[in-house]
1. Considering only residues that are in a loop (DSSP other than H, G, I, E, B), farther than 22 Å from A80 by Cβ and not hydrophobic (A, V, I, L, M, F, W, C), which ones fall in the range 15-57?
2. Of V32, V9, which residue is surrounded by 10 or more Cβ atoms within 10 Å (Cβ to Cβ) and touching a residue at least 60 places away in the same chain (Cβ under 8 Å)?
3. What number goes with the only condition from (1) over 18 Å from Q81 (Cα atoms); (2) among the acidic types (D, E); (3) part of a helix (DSSP H, G or I) that D11 does not pass?
4. Would you mind telling me which numbered condition in (1) in a helix (DSSP H, G or I); (2) closer than 20 Å to R62 by Cα A6 fails?
5. Would you check which residues across the range 58-75 are surrounded by fewer than 19 Cβ atoms within 10 Å (Cβ to Cβ) and not in a strand (DSSP E or B) and list them?
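The values are calculated or read from the model by the stated rules, or taken from the named source; none is laboratory data. Bear in mind the structure is a predicted one, so any value in this text is a computation, not a measurement. Please note: Cβ atoms are built from the backbone with ideal geometry, for glycine as well, and neighbour counts cover all protein chains shown.
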Amino acid sequence: MSNQSADAVFDALGEPVRRRILELLHEGPTPVGRLAARLPVGRPAVSKHLRVLSDAGLISHRSVGTRNLYLLAPGGMVAAQHWLFQTWDTVLAAYAAEVSRAAAVPGREQAGPPVPPPAPPNPETTKERP
């Protein structure tokens, strides 16, 4: 999985209408007309969004008679998922290394929750009484 394919997936997912199309396709193969009826954009715009999703590998289509049915592509999110796991693993490894380094510093106490400073004295309670 290259970063280029992950970039294409993330670029495609950056548009709210495209994310909504993916949600609608969870219901199963759907013709473009039915998708357009459930979206706030016209049929030509839906067709353009479908092309972007298809180019990113997120959906596929099949012809049934004269209709094209669009459906989620198996494994369409794999490139993005791989990128997220790789990035997260790198961040977690850096965090673990920093925690180990900080724990190895001599004389350094284990960090706990911060202790708030003492509250200033309340003048009403510190007045001398006659």
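1. Across the range 15-57, the qualifying residues are G28, P29, R38, P40, G42.
2. V9
3. Tallying (1) over 18 Å from Q81 (Cα atoms); (2) among the acidic types (D, E); (3) part of a helix (DSSP H, G or I), D11 fails exactly one: (1).
4. Going through the list (1) in a helix (DSSP H, G or I); (2) closer than 20 Å to R62 by Cα, A6 breaks only (2).
5. Matches in the range 58-75: G65, T66, A73, P74, G75.
Table: residues versus (1) modelled with pLDDT of 90 or more; (2) in contact with a helix residue (DSSP H, G or I) (Cβ under 6 Å, 6 or more places away or on another chain); (3) of a type in the set (A, V, I, L, M, F, W, C).
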site	(1), (2), (3)
A73	yes, no, yes
G76	yes, no, no
T90	no, no, no
G107	no, no, no
Q110	no, no, no
